[in-house]
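The numbers here are math on the coordinates, done by the rules we state, and not lab data. None of the values given here were measured: they were computed from a predicted structure. Cβ atoms come from the backbone with ideal geometry, glycine included; neighbour counts cover every protein chain shown.
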Amino acid sequence: MGKNLITQRRGRGYGRYRSPRHLKFTNARHPRVREGNGVIVDFKHEAGRIAPLAKVRMDGKEFWMLAPDGAWVGQEVAIGSTSSIAAGNSMAIGELPEGTIVYNVELQPGDGGKLVRTAGNAATIVSHGTKTVILLPSGQFKEVDNKCKATVGLVAGGGHKEKPFAKSGKKFHAYGSKAKAYFNVKGVAMNAADHPHGGGAHPHVGTQSSVGRNTPPGRKVGNLAPKKKPRKKSRKV
């Protein structure tokens with residue numbers, strides 16, 4: 001057999017594409033409570049997630065939420081329509097005024113939050129009607145139900161792009177925490193001794209663009225045993 005496509009290898013979910021689930025401890029969704037007041041007691045990092053997580057203690061119970069930008073230990077957060085419009089408070093998006101920046105927006109009421117969850121991002125409430133229109137970070141407008149919950153503010157960790165990786169090893173481990181493959185070098189960019197497609201005055205595949213089905217490993221690259229074109233049938237006049 002030939003070399004699998006990247007999508008095929010990723011679908012198998014092994015090796016570099018295996019997600020480190022044992023390092024994940026929460027989905028950071030909206031808790032299933034209508035009203036309540038809590039306090040942030042701790043912050044923690046989760047593998048594969050850039051945005052920091054905040055542990056909130058509310059009515060003797062604890063849950064994790066995506067930390068808003070500027071949060072601190074001891075900050076009070078609230079859930080429900082009676083809460084004020086302050087960073088970290090969550091309520092129905094239909095109860096927030098136009099122009100408010102929000103994150104962790106629900107697609108359907110009660111799903112816990114699906115939109116705008118990455119570090120440094122936020123959506124803007126544009127208008128209210130039968131549904132609420134929000135402007136996503138991508139520039140797309142989205143309509144959501146007025147009962148969908150959202151958290152006021154923007155997600156913390158927005159300055160992560162300004163910090164350089166400094167060396168390739170750090171980026172390798174960062175990709176591993178997200179179950180993504182690290183960068184691969186193209187065969188045409190290698191030397192002739194390292195890959196069948198390597199060598200030459202300029203990057204090109206060369207004459208050996210196809211190999212046989214019984215080619216040994218290391219030589220089985222490129223097109224695998226291409227089929228011959230079917231012969232056109234001559235038409236009788």
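To the nearest 10 degrees, how steep is helix 168-177 against the longest Cα principal axis of the chain, on a 0 to 90 scale?
70
Which of the chymotrypsin sites (Phe, Trp or Tyr not before Pro) across region 12-106 are loop residues per DSSP, with 10 or fewer other Cβ within 10 Å?
When the chymotrypsin sites (Phe, Trp or Tyr not before Pro) of region 12-106 are filtered for loop state and at most 10 Cβ neighbours within 10 Å, TYR14, TRP72 remain.
Treating the beta-carbon of each Lys and Arg as +1 and of each Asp and Glu as -1, no other charges, what is the dipole magnitude of the chain about its Cα centre, to the nearest 20 debye?
Computed about the Cα centre, the dipole is about 2900 debye.
Could you give the semi-axes, largest first, of the ellipsoid that matches region 1-157, computed as the square roots of 5 times the alpha carbon gyration tensor eigenvalues and rounded to whole Å?
Here the semi-axes work out to 30, 21, 13 Å.
When the dipole is taken about the Cα centre of region 21-158, and only Lys, Arg (+1) and Asp, Glu (-1) are charged at their Cβ, what size is it in debye, to the nearest 20?
With Lys and Arg at +1 and Asp and Glu at -1, about 500 debye.
Can you tell which of PRO164, GLY70, HIS45 lies farthest toward the positive end of the dipole of the chain, using +1 and -1 charges on the Cβ of basic and acidic side chains (Lys, Arg; Asp, Glu)?
Farthest along the dipole direction, towards plus: PRO164.
Direction-averaged shadow area of the convex hull around the Cα atoms of region 93-211, nm²?
Over every viewing direction, the Cα hull of region 93-211 projects on average to 12.4 nm².
Scanning the chain for GluC sites (Glu not before Pro) in DSSP loops with at most 13 other Cβ atoms within 10 Å, what's the longest stretch left with none?
Segment 99-237 is the longest.
Please tell me which of these pairs span more than 29 angstrom C-alpha to C-alpha: LYS114/LYS186; LYS61/LYS147; LYS131/LYS163; LYS44/LYS114; LYS61/LYS131?
From LYS114/LYS186; LYS61/LYS147; LYS131/LYS163; LYS44/LYS114; LYS61/LYS131, over 29 Å: LYS114/LYS186; LYS131/LYS163; LYS61/LYS131.
Say each of ARG10 and THR26 gets a label point 7 Å from the Cα, pointing the same way as Cα to Cβ; how far apart are those two points in nm?
Using points 7 Å along Cα→Cβ, the separation is 2.8 nm.
Counting each DSSP H run of 4 or more residues in the chain as -39500 (n - 2.57), what helix-only mean residue ellipticity at 222 nm follows after dividing by all residues, to the nearest 500 deg cm²/dmol?
Counting only the DSSP helices, I get -2000 deg cm²/dmol.
Stokes-Einstein diffusion coefficient for region 1-86 at 25 °C in a medium of 0.890 mPa s, Rh from the Kirkwood formula over Cα pairs: what value in µm²/s?
Approximately 158 µm²/s, per Stokes-Einstein.
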